[in-house]
Amino acid sequence: MSPTRRAAVLGSPIAHSLSPVLHRAAYDALGLTGWEYGRHEVDEAALPGFLAELGPEWAGLSLTMPLKRAVIPLLDEITPTAASVEAVNTVVLTPDGRRLGDNTDIPGLLAALRERGVQQVERASILGAGATASSALAALSRICTGEVTAYVRSEARADEMRGWGERLGVAVRTAPWERAAEAFAAPLTIATTPAGTTDALAAAVPDRPGTLFDVLYEPWPTALAGAWADRGGAVVGGLDLLVHQAVLQVEQMTGRSPAPLAAMRAAGEAALAAR
């Protein structure tokens, strides 16, 4: 029997994505027996054609790289949150055929931090300057009362982060990657770099660290997250972010709230443990 409602995650590469595990767990917990959530390898060139072929059974899409900016011209409307960082990771497809874009990474970051007791900080550090770093900066614009220091590898990246700071209303200072260990003096450090990038910094974790938010979820723990936890610091991981942003996606796509956070996290943990 064909599904009554469909959703999926799109991106390239996409085989590693845990989104199907999380969304299907939510459907099971919510009793949504007619719902299906898939995974599709789609790059920028293929995206317009993919969207054009979607039928009325489609409820929504999750987007990963490299589609978060490429999708914007193809949408009817995007939320202020998505517009603030020019990145859409969620598309809701309405019954009248409209495509509505949102960014659940930013509120997902904030929800993951709140869950660990981080409501407000006086200053923060960001490791990296890519798309996730701009979302981190947007989240910090809501909870950081002072300066954010971004540790980056090039002057071009430094310029980008300062530009995002001006746009988001955050005081951003930049520093070269060679000084990245200085990030750990802040009460909150957000690591947004690819796997392996921060491994060499693990030895520089101080004796009494604050909170580390490492956006990676595989491999886990990262060398940095492991060293941080060993020294008694609070660690928020990429699975926390993935689950919290997926909770918001499920609620938007299905119209059911609250989404089953605990069931989705358990499914994600089990899937990672099985890899």
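The values are calculated or read from the model by the stated rules, or taken from the named source; none is laboratory data. As the structure is a prediction and not an experimental result, all values here were calculated from the model. Quick reminder, even Gly has a Cβ in these numbers, built from the backbone with ideal geometry, and neighbours come from all protein chains shown. Quick note on the areas: whole protein, heavy atoms, side chains included, nothing else; ligands and nucleic acids left out. Shrake-Rupley method; radii C 1.70, N 1.55, O 1.52, S 1.80 Å.
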All-but-one check, Gly238 against (1) within 18 Å of Ile106 (Cβ to Cβ); (2) open to solvent by 20 Å² or more (accessible area, probe 1.4 Å), failing number (2)
Counting only residues in the range 82-115 that are β-branched (Val, Ile, Thr) and under 10 Å from the mean Cα position of the chain (by Cα), the one nearest to Ile72 (Cα to Cα) is identified as Thr104
Check: Any chance the range 220-231 includes a residue that's polar (S, T, N, Q) and in contact with a Lys or Arg (Cβ under 9 Å, 6 or more places away or on another chain)?
Finding: no
Looking across the range 91-107 at residues that are out of contact with any Ser or Thr (no Cβ under 9 Å at 6 or more places or on another chain) and at negative phi, the single one that is most open to solvent (accessible area, probe 1.4 Å) is Pro95
Among (1) open to solvent by less than 50 Å² (accessible area, probe 1.4 Å); (2) touching a Ser or Thr at 6+ places or on another chain (Cβ under 9 Å); (3) not charged (D, E, K, R), Met65 falls short only on (1)
Those strands (runs of 3 or more DSSP E) completely within the range 1-82 that have 3 or more residues that are within 17 Å of Asp105 (Cα to Cα) and touching a residue at least 24 places away in the same chain (Cβ under 8 Å) are 5-11, 58-63
Is it the case that the range 44-58 has a residue that's modelled with pLDDT of 95 or more, within 23 Å of Leu261 (Cβ to Cβ) and buried (at least 17 other Cβ atoms within 10 Å of the Cβ)?
-> no
Log entry, pairs with first residue in the range 171-186 being over 14 Å from Glu160 (Cα atoms), second being aromatic (Phe, Trp, Tyr) and open to solvent by less than 70 Å² (accessible area, probe 1.4 Å), beta carbons closer than 8 Å, six or more apart or on different chains, reads Trp177/Tyr151; Arg179/Tyr151; Ala180/Tyr151; Glu182/Tyr151; Ala183/Tyr151
Expected single match for more than 17 Å from Ala87 (Cα to Cα) and in contact with a strand residue (DSSP E or B) (Cβ under 8 Å, 6 or more places away or on another chain) among Gly60, Gly31, Gly38 is Gly38
